[in-house]
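Undergrad: Would you mind keeping the following structure in view while I ask a few things?
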Amino acid sequence: MGRLDEREAMEILDQLRKRSLWMLHYCTACGAVELPPTMTSRYDMERFGIVPFVTSRQADILLVTGYINIKTLRRIVTVYEQMLDPKYVVGFGSCTINGGIYWDSYAVAKRLDLYLPVDLYIAGCMPRPEAVISAFRHLMRLIDEGKADGYRRYKDNYYWFKANQKKVLGE
Amino acid sequence: MIRDYTLFIGPNHPGIHGNFSVKLQLEGDTIVSAKGDSGYLHRGFEKLMEHRLYLQNLALIPRICVPEPDINEAVYAMAIEELMGIEVPERAKYIRTIILEAARVNAYLFSLGGFGAMIGIYTLMQWSVGDRDYMLDLFSKLTGARIYHMYIWPGGVRRDFPSGFEEELLGWVRYIKDRLSDYDNLFFKNSLFVDRTKGVAKITDEEALNSGVTGPNLKATGVMQDVRIDEPYAAYPYLDFKIPVLSEGDAWARTIQRRMELELSLNLIEQAVKKMPKKGPVTVKIPNPFKWRIPKGEAYAKVESSRGEYGFYFVSDGGTKPYRVYVRGVSMPHMYPLAERLLIEANLSDAPMIIESLDICPPEIDK
Amino acid sequence: MKRIEYLKRIYEGRLIEINPKRLLITVPKDEFISALSTFKVNSFNQLTFVTAVDWIKESEFEIVANLYSRENRLNVFVKTRISRDNAEIQTITSIYSVAKKYEVELTEMFGIKVVGNEDAGKPFLLENWKSKPPLRKEFDSVAYAAEHYEARHAEEKND
């Protein structure tokens, strides 16, 4: 009998955390048209505990839906830094992986993981709602195993991320 | 003391349809001035289209207007057909009409759901997005994809209906028609909706005509102007319909106008399926994509989308790629300067509702 | 239709018909505003869009305005040509007030100065943009994207 040590405490917290992840309701780009079907009664995401929420201070998941415009990238970085630990980033759609169909556009950045630490990608254009739910369940498994540590990577490599952001945003 | 301050209805807001921001100057609870801030969705379509062959552009074009992607393919195909002098076969005209009307019903269900969420009636969104999903199942059976179909191309449509498709489509239309009375009891006759929107953000018909407004926003002020009647395309010359107009011009009238056009679209789908020729070719053979040249010239093709008049201005210089394409988005005159003017002297809690009642779609402004 | 006949008469054959629903006229630069005024008074009182086309081989910009007549259900293209170096036009907001934001887009995308529109130099869709206006034909979008936005190398495997 005794008190829990830190590792066991983190395991119990992870079990509780993964069943109540709150998603930030920020529709960044064209992938957001497949979010209402996932949230409403046909494909019901809420039975897993995932709810869209409005403020960034109380959200756990940042879902970057679709391509990354430069003007939006500046706001996404601010929103990500407003969220509290532990937080997860999911890249939605093929445009976050390597630019997608807008590879030759002058206003679209190609790789999301140079600017923010990504835990999971969902491929497709658009991914079906079933793919989105399956991705969230995979994220829950990663949290369980302790591998979803994007927020720690951001703090450890802070200057590398900031240098990449400054190169592309130029501020 | 009433204080003056600045507030953003910023990009991170669940109340705006898409990624778009409005900067407000307030005095207490009343808005003194409003300035829109666009550009969060800009991809540079007009430059991207100049680098791709005519057939490659078909994959890029549906992504310009996201809630209703079929209108983009239809105007692109109509502009090329006008320059090349192609005549589309008759069965293809009816199929195009059915697809465009079904996409219009989907877009109305989606935007009415968003409007309900803005007032606080969240049940409407659960119902309407769920009903729209059955049509997306039918689209994926016909074209292979739920949202971006790439089905209408210059010369007709890509493939014919599979067997049994017309009965399933008519079954869906009948299901939505039966549900309309439930929607009325939930939302359109609800005193929450009526009290919040009657008399808010009124525009007169002269003001609307001078500001470049088109679509249901214009018809709600009493002016009858619709591309399906003024310059009929696809199978509209053969169908027989009358479009209702209201005359109040406020947010209530605009929403009821959309509900009446939803019912009209369902009737049009039934009429078109009945009158369609039972057999026939659905496309003209398209040439070899690497050698497909279009004669020199220019064309402006327009359709009536669920928001208003949408068109492409297409310039060709005789080569294998388009020389210049201009996208005439519907929401540009609705936002700048109409919404900026309507927001002055309005209450802060009405601001997202005013923007939503004009049905502003940010990707059409940003391109 | 008698307004259309009147316009055809005063423009003496320069107003041509591309097809039954589209008319076209090209006017010199200093007649542009007065031509728009004449069309507005003769039933063409809705402006659909104002944009530009870059004819780099002839070293000219072509400004295109599309007007719609509700009575006669026709569109007309009113076009004019200006030179590519030091391109500038007068604002048309005195005739059609809707054109204000379309002119802002002209300045941002093509670099054409609009005299009389105080919003025309401010950024609209692009932020902190330092290169050439993007819709000009000499701006190479593929090279710009390859230089500024790093792509993933295809040899890396993350299985």
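Undergrad: Label 7 Å along Cα→Cβ of C:Ile10; the stretch C:73-107 residues with amide nitrogen under 15 Å?
TA: Hits in the stretch C:73-107 for C:Ile10 at 15 Å: none.
Undergrad: Using the reciprocal of the averaged 1/r over all distinct C-alpha pairs, how large is the Kirkwood radius of chain B in Å? It would help to have the intermediate numbers written out before the result.
TA: On the way: mean 1/r = 0.0464 Å⁻¹.
Evaluated on chain B, it is 21.5 Å.
Undergrad: Follow-up. Dipole of the stretch B:5-365 (Lys/Arg Cβ +1, Asp/Glu Cβ -1, origin at the Cα centre): which of B:Leu60, B:Ile365, B:Val105 lies farthest to the positive side?
TA: Of the options given, the answer is B:Leu60.
Undergrad: Moving on. Say R0 is 60 Å: what FRET efficiency, to the nearest 0.05, do B:Leu348 and B:Lys274 get from their beta-carbon distance? Walk me through the numbers on the way to the answer.
TA: Values: r = 50 Å, r/R0 = 0.84.
For B:Leu348 and B:Lys274, the calculated efficiency is 0.75.
Undergrad: Restricting to DSSP H runs of at least four residues, report the calculated mean residue ellipticity at 222 nm for chain A, -39500 (n - 2.57) per run over all residues, nearest 500 deg cm²/dmol.
TA: Helices in chain A give a 222 nm mean residue ellipticity of -12000 deg cm²/dmol.
Undergrad: Keeping all protein chains in the complex and leaving out DNA, RNA and ligands, what accessible area do you get for B:Lys321 with a 1.4 Å probe, in Å² to the nearest 10?
TA: Rounded to the nearest 10, the figure is 80 Å².
Undergrad: Loop-only GluC sites (Glu not before Pro) in the stretch B:177-258, please: DSSP not H, G, I, E or B, and at most 15 other Cβ atoms within 10 Å. Intermediate results must be reported in sequence, preceding the final value.
TA: Details: sites: B:Glu206, B:Glu207, B:Glu248; in loops: B:Glu248.
Filter output for the stretch B:177-258: empty list.
Undergrad: Could you list the residues of the stretch B:325-359 with an amide nitrogen less than 19 Å from a label point located 7 Å from the Cα of B:Lys35 in the Cα-to-C-beta direction?
TA: Answer for this model: B:335-346.
Undergrad: Which of the helices in chain A, when you take each full DSSP H run, stretch at least 30 Å along the axis at their Cα atoms and have an average Kyte-Doolittle score of -1.0 or higher?
TA: Numbers: long enough: none.
Correct list, ordered by number: empty.
Undergrad: Now for a separate question. Can you list the equivalent-ellipsoid semi-axes of the stretch B:1-99, largest first and in whole Å, using the square root of 5 times each Cα gyration tensor eigenvalue?
TA: Working: eigenvalues 368, 51, 24 Å².
That gives 43, 16, 11 Å for the three semi-axes.
Undergrad: Hey, what number do you get for chain B at 222 nm if only DSSP H runs of n ≥ 4 count, each worth -39500 (n - 2.57), divided across all residues, to the nearest 500? All intermediate terms of the calculation are to be shown ahead of the outcome.
TA: Details: 13 runs with 151 residues, N = 367.
Per the formula, -12500 deg cm²/dmol.
Undergrad: Oh, and also: Kindly provide log₁₀ I(q)/I(0) values, in the same order as q = 0.16, 0.20 Å⁻¹, from the Debye equation applied to equal alpha-carbon scatterers of chain A.
TA: Here log10 of I(q) over I(0) equals -0.96, -1.44.
Undergrad: Continuing with this model, one more query. Which of the chymotrypsin sites (Phe, Trp or Tyr not before Pro) across the stretch B:213-242 are loop residues per DSSP, with 14 or fewer other Cβ within 10 Å?
TA: On the way: sites: B:Tyr233, B:Tyr238, B:Phe241; in loops: B:Tyr233, B:Phe241.
Hits after loop and neighbour filter: B:Phe241.
Undergrad: Name the residues of the stretch A:26-52 whose amide N is less than 20 Å from a point 7 angstrom out from the Cα of A:Leu16 along the C-beta direction?
TA: Residues A:48-51 qualify, since their backbone N sits under 20 Å from the label point.
Undergrad: If you count, for every residue in C:40-49, the Cβ atoms of partner chains within 10 Å of its Cβ, what is the mean? List each step's numbers first, then the result.
TA: Working: counts 0, 0, 0, 0, 0, 2, 9, 4, 9, 10.
Counting Cβ atoms of other protein chains within 10 Å of each residue's Cβ and averaging gives 3.
Undergrad: Can you pull the three principal axis extents for the Cα set of the stretch B:119-202, in Å, largest first?
TA: Principal-axis extents of the stretch B:119-202 (Cα, largest first): 48, 27, 18 Å.
Undergrad: Highest first, please rank the peptides B:190-198, B:334-342 by the mean number of other Cβ atoms sitting within 10 Å of their residues.
TA: Working: B:190-198: 14.8, B:334-342: 20.2.
Output ranking for B:190-198, B:334-342: B:334-342, B:190-198.
Undergrad: Angle between the Cα long axis of helix B:123-143 and the longest principal axis of chain B, 0 to 90 degrees, nearest 10?
TA: The helix B:123-143 is inclined about 10 degrees to chain B.
Undergrad: Report the full-extension gain for the segment A:Glu46 to A:Asp144: residue separation times 0.36 nm, less the Cα-Cα distance, to one decimal in nm. Don't skip to the answer; put the middle values down first.
TA: Working: separation 98, 0.36 × 98 = 35.28 nm, distance 1.94 nm.
Here the segment from A:Glu46 to A:Asp144 would lengthen by 33.3 nm.
Undergrad: By the gyration tensor of its Cα atoms, with a ≥ b ≥ c the square roots of the eigenvalues, what is the shape of the stretch C:73-159: rounded for a/c under 1.5, prolate for a/b over b/c, or oblate?
TA: Numbers: a/c = 2.56, a/b = 2.38, b/c = 1.08.
Prolate, since a/c reaches 1.5 and a/b exceeds b/c.
Undergrad: Here's another thing I want to ask about it. Magnitude of the Cβ-charge dipole of chain C, K/R +1 and D/E -1, about the Cα centre, nearest 20 debye? Could you put the intermediate results ahead of the total?
TA: On the way: 25 positive and 25 negative charges, 219 e Å.
Dipole of chain C, to the nearest 20 debye: 1060 debye.
Undergrad: Over the heavy atoms of A:Cys30, what accessible area does a 1.4 Å probe trace out, to the nearest 10 Å²?
TA: 20 Å²
Undergrad: Classify the stretch B:113-156: rounded, prolate or oblate, from the alpha-carbon gyration tensor (a ≥ b ≥ c, eigenvalue square roots; a/c under 1.5 rounded; otherwise prolate if a/b is larger than b/c)?
TA: Numbers: a/c = 4.92, a/b = 2.52, b/c = 1.95.
Verdict is prolate for the stretch B:113-156.
Undergrad: Give me the dipole magnitude in Debye, nearest 20, for the protein assembly as shown about the Cα centre, with unit charges on the beta carbon: positive for Lys and Arg, negative for Asp and Glu.
TA: Value, rounded to 20: 1100 debye.
Undergrad: Here is a follow-up. Relative to the longest principal Cα axis of chain B, at what angle does helix B:165-183 sit, 0 to 90 degrees, rounded to 10?
TA: The helix B:165-183 is inclined about 10 degrees to chain B.
Undergrad: Would you work out which of C:Ile33, C:Ser69, C:Pro123 lies farthest towards the positive end of the dipole of chain C, given +1 charges on the beta-carbon of Lys and Arg and -1 on that of Asp and Glu, about the Cα centre?
TA: Result: C:Ser69, furthest along the dipole toward the positive end.
Undergrad: Now, a different point. Membrane-span-like helices in chain C: DSSP H runs reaching 15 Å or more (Cα, own axis), mean Kyte hydropathy at least -1.0? Spell out each step's value before the answer.
TA: Numbers: long enough: C:99-110 (16 Å, -0.48).
Qualifying helices: C:99-110.
Undergrad: Can you give the Rg and Dmax of the stretch A:105-152 based on its C-alpha atoms, in angstrom?
TA: 13.1, 40
Undergrad: Looking at the protein assembly as shown, what % of its DSSP beta bridges pair antiparallel, to the nearest 5? Let's see the in-between values first.
TA: Values: 54 of 74 bridges.
Here the antiparallel bridges make up roughly 75 percent for the protein assembly as shown.
Undergrad: So what are the protein assembly as shown's ellipsoid semi-axes, whole angstrom, largest first, if each one is the square root of 5 times an eigenvalue of the alpha-carbon gyration tensor? Each step should come with its number before you reach the end.
TA: Numbers: eigenvalues 334, 183, 150 Å².
For the protein assembly as shown, the semi-axes come out at 41, 30, 27 Å.
Undergrad: Do the sum for chain C: with -39,500 (n - 2.57) for every DSSP H run of n ≥ 4, divided by all residues, what is the mean residue ellipticity at 222 nm, to the nearest 500 deg cm²/dmol?
TA: For chain C, the value works out to -7000 deg cm²/dmol.
Undergrad: May I ask which residue of B:Gly155, B:Ile243, B:Val327 lies farthest towards the positive end of the charge dipole of the stretch B:5-365, with charges of +1 (Lys, Arg) and -1 (Asp, Glu) on Cβ and the Cα centre as origin?
TA: Value: B:Gly155.
Undergrad: How large is the accessible surface of B:Met84 in square angstrom, using a 1.4 angstrom probe and rounding to the nearest 10?
TA: Per-residue accessible area (B:Met84): approximately 60 Å².
Undergrad: Step through the residues of the stretch B:323-334 one at a time and calculate ³J(HN,Hα) from phi using the Karplus curve (6.51 cos²θ - 1.76 cosθ + 1.60, θ = phi - 60°), rounding each to whole Hz and writing x for Gly and Pro.
TA: Each residue's phi maps through the Karplus curve to give 8, 7, 10, 10, 9, 8, x, 6, 7, 5, x, 6 Hz.
Undergrad: Rounded, prolate or oblate: which fits the stretch C:23-105, taking a ≥ b ≥ c as square roots of the Cα gyration tensor eigenvalues, rounded meaning a/c under 1.5, else prolate when a/b beats b/c? Could the numbers behind the result be given before it?
TA: On the way: a/c = 1.96, a/b = 1.64, b/c = 1.19.
Prolate, because a/c is 1.5 or more and a/b exceeds b/c.
Undergrad: Let me see the pair-distance distribution of the stretch C:2-148: every alpha carbon pair, 10 Å bin width, integer percents in order.
TA: Once binned at 10 Å, the Cα pair distances of the stretch C:2-148 give 10, 38, 31, 15, 5, 1.
Undergrad: Hey, what angle do you get for helix B:70-84 against the long axis of chain B, alpha-carbon based, 0 to 90 degrees rounded to 10?
TA: 50 degrees
Undergrad: In addition: Using all C-alpha to C-alpha distances in the stretch B:181-224, build P(r) with 10 Å bins and read off the rounded percent in each one.
TA: Reading the bins upward from 0: 26, 35, 32, 7.
The values are calculated or read from the model by the stated rules, or taken from the named source; none is laboratory data. Computed from a predicted structure; not experimentally measured. Reconstructed Cβ throughout: ideal geometry from the backbone, glycine too, with neighbour counts over all protein chains shown. Please note that ligands, DNA and RNA were not included when accessible areas were found on the heavy atoms of the full protein model with its side chains. Shrake-Rupley method; radii C 1.70, N 1.55, O 1.52, S 1.80 Å.
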